[in-house]
Amino acid sequence: MAYKMNAALDPYRDHLIDIRVDENWEQWHGIGKLGLRCVLCRRVVTPFLSTQKNRFVRHQSGEGTSASAAAKRTAHESFLHQRCKYWVADQLREAGAIAEVEQQLGDRRPDVLAVRDGRRFAVEVQWSSLSLAIAQERTADLRRAGADEVMWLTRGYTWVEKLPTLGLHGFNPDSDGYRTEFGFLALTPSGGLRTAIRPVRQALHQWLDGEIAWAYRDFEKAGWATVQDWAQHTKQQAEEIERLGGELGKATDKIERLSTTVRKQSARIDAVESDLKGAKADLSLEQGKVEEGKRHKARDAETFEKARSLIEKAIGQRDQHAGAASALEAQLEAEREAHNRTEAALVWRARLVKVLLAVCLVLAVLVLLGSY
């Protein structure tokens with residue numbers, strides 16, 4: 001069923017035997033040693049060496065084979081899931097607890113249930129994807145059923161920091177066992193808590209001994225840490241709170257002083273605003289006067305334009321009359337010159353007539369004289 005299994009159950013089907021451990025290999029490999037059982041189907045399995053000299057267990061010929069790659073992959077995942085459950089039960093037994101895999105607890109059946117000193121410890125090993133809501137519901141159900149403590153062992157789900165969870169580095173560990181990747185916190189030199197790698201065996205033992213606890217390190221994120229680290233972290237947080245409280249007191253005093261100053265300034269501002277309102281009223285009145293002046297100016301400008309137009313028209317008429325007068329004057333001058341010429345001609349003619357009369361008179365006298 002399982003694909004390249006590296007562990008099996010002992011003949012009593014209670015303890016996990018990691019065949020990669022030298023002691024276990026020496027005890028169980030060889031012809032005739034048929035006591036190991038598959039963690040999935042409980043059938044007999046035997047140790048063997050692969051072509052790469054790696055140690056595994058396998059079913060007897062014809063038993064537990066998978067027809068397809070998908071079936072083998074599913075079987076392998078199921079093997080890793082079951083392997084982790086039995087491994088956890090063994091670690092809890094090492095720590096002095098009575099531990100069983102999938103034992104009934106009220107109406108729930110946790111993957112591993114351990115009892116020590118009258119306290120019940122429930123462990124859920126979660127391989128497949130699971131929502132936070134369902135995980136929270138299962139946790140609450142286990143506590144209602146009588147579990148004093150609950151711990152999840154999972155892959156790196158998004159809710160690792162929201163439930164009492166240890167995120168495993170992987171479900172197929174080496175012979176040294178599982179280790180955490182998420183969920184366990186350690187104290188930093190600055191007094192904060194950050195994620196740290198921890199052997200799961202050590203975390204389980206400390207859990208039963210009450211040496212580690214799960215709590216929130218801030219408003220949103222929680223994790224496991226030693227009680228000593230939580231105490232130191234809490235102490236430093238308390239000191240920080242006390243320091244911030246002192247600063248808050250100073251800030252409160254400063255705020256009170258500033259509030260008094262603000263109230264005084266507000267009174268001054270109110271007075272200034274009152275003056276400003278009066279000034280605005282005066283300004284509005286002056287603006288009204290300015291607007292009235294602008295209207296008068298516009299009317300004066302209009303009157304000026306009309307007067308200017310009349311003046312220009314009068315100037316035009318004057319220029320027109322001056323031109324006519326000049327023409328008349330020229331015409332009069334011409335007539336005067338003509339009159340003078342006519343008068344001169346008449347004077348000349350009159351003189352000529354007088355001369356002719358004189359000549360005629362002389363002739364007549366001569367004629368008369370000649371008659372005598």
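Where does each of 83-90, 287-294 land if you order them by average Cβ count within 10 Å, highest first?
83-90, 287-294
Specify which labelled value, from [x] 18, 26, 11, 8, 8, 8, 7, 6, 5, 4, 1, 0; [y] 31, 62, 7; [z] 20, 34, 33, 13, 0, agrees with P(r) over Cα pairs in 20 Å bins from 0, in percent derived from the coordinates of the model shown.
Read-out taken from this structure: [x].
With the contact rule set at Cα under 8 Å and sequence spacing of 6 or more, what percent relative contact order holds for the chain?
For the chain, the relative contact order is 8 percent.
Which length gain, in nm to one decimal place, applies between Glu211 and Ile269 when the Cα-Cα distance is subtracted from 0.36 nm times their residue separation?
Using 0.36 nm per residue and subtracting the Cα-Cα distance, I get 14.5 nm.
For the Cα atoms of the chain, what angle does the longest principal axis make with the long axis of helix 227-371, in degrees from 0 to 90, nearest 10?
It is inclined by approximately 20 degrees.
Considering only Trp207, Ala186, Leu283, whose Cα is most displaced toward the positive end of the charge dipole of the chain, charges sitting on Cβ of Lys, Arg (+1) and Asp, Glu (-1)?
Leu283
Expressed as a whole percentage, what fraction of the accessible surface of the chain belongs to carbon and sulfur atoms when a 1.4 Å probe is rolled over the protein heavy atoms?
Answer for the chain is 55 percent, counting heavy atoms of protein chains only.
Return the whole-Å distance between the Cα centroid of segment 4-60 and the Cα centroid of segment 191-230.
Between the Cα centre of segment 4-60 and that of segment 191-230, the gap is 34 Å.
Between Glu312 and Glu335, how many nm apart are label points set 7 Å from Cα along the C-beta direction?
Placing both labels 7 Å along Cα→Cβ, they lie 3.7 nm apart.
I want to check the label-to-label distance for Ala298 and Ser128. Put each point 7 Å from Cα in the C-beta direction and report it in nm to one decimal.
For Ala298 paired with Ser128, the spin-label model returns 8.7 nm.
Helix-derived [θ] at 222 nm for the chain: sum -39500 (n - 2.57) over DSSP H runs of at least 4, divide by residue count, nearest 500?
-20000 deg cm²/dmol
Cα centroids of segment 265-316 and segment 81-149: how far apart, whole angstrom?
92
Compute the normalised compactness of segment 8-47: alpha-carbon radius of gyration over 2.2 N^0.38 Å, N being the residue count.
Here the answer is 1.03, to two decimals.
Over all directions, what mean area does the Cα convex hull of segment 288-372 project, stated in square nanometres?
For segment 288-372, the mean projected area of the Cα convex hull comes to 7.3 nm².
Mind pulling the angle between the C-alpha long axis of helix 69-94 and the longest principal axis of the chain? Nearest 10 degrees, somewhere in 0 to 90.
Helix 69-94 sits at roughly 70 degrees to that axis.
Where only protein heavy atoms count, and the probe is 1.4 Å, what is the accessible area per residue for the chain in Å²?
Per-residue accessible area for the chain comes out at 64 Å².
How large is the direction-averaged shadow of the alpha-carbon convex hull of segment 322-372, in nm²?
Its average projected convex-hull area is 2.9 nm².
Assuming R0 = 45 Å, what is the FRET efficiency of Ala322 and Leu369, from their Cβ-Cβ distance, to the nearest 0.05?
That pair, Ala322 with Leu369, gives E of 0.05.
The values are calculated or read from the model by the stated rules, or taken from the named source; none is laboratory data. In this text the structure is predicted, and so the values were computed from the model without any measurement. Positions of Cβ are generated from backbone atoms using ideal geometry, with glycine treated the same way; all protein chains shown enter the neighbour counts. Remember, those area values only see protein heavy atoms, side chains included, never the ligands or the DNA or RNA. Shrake-Rupley method; radii C 1.70, N 1.55, O 1.52, S 1.80 Å.
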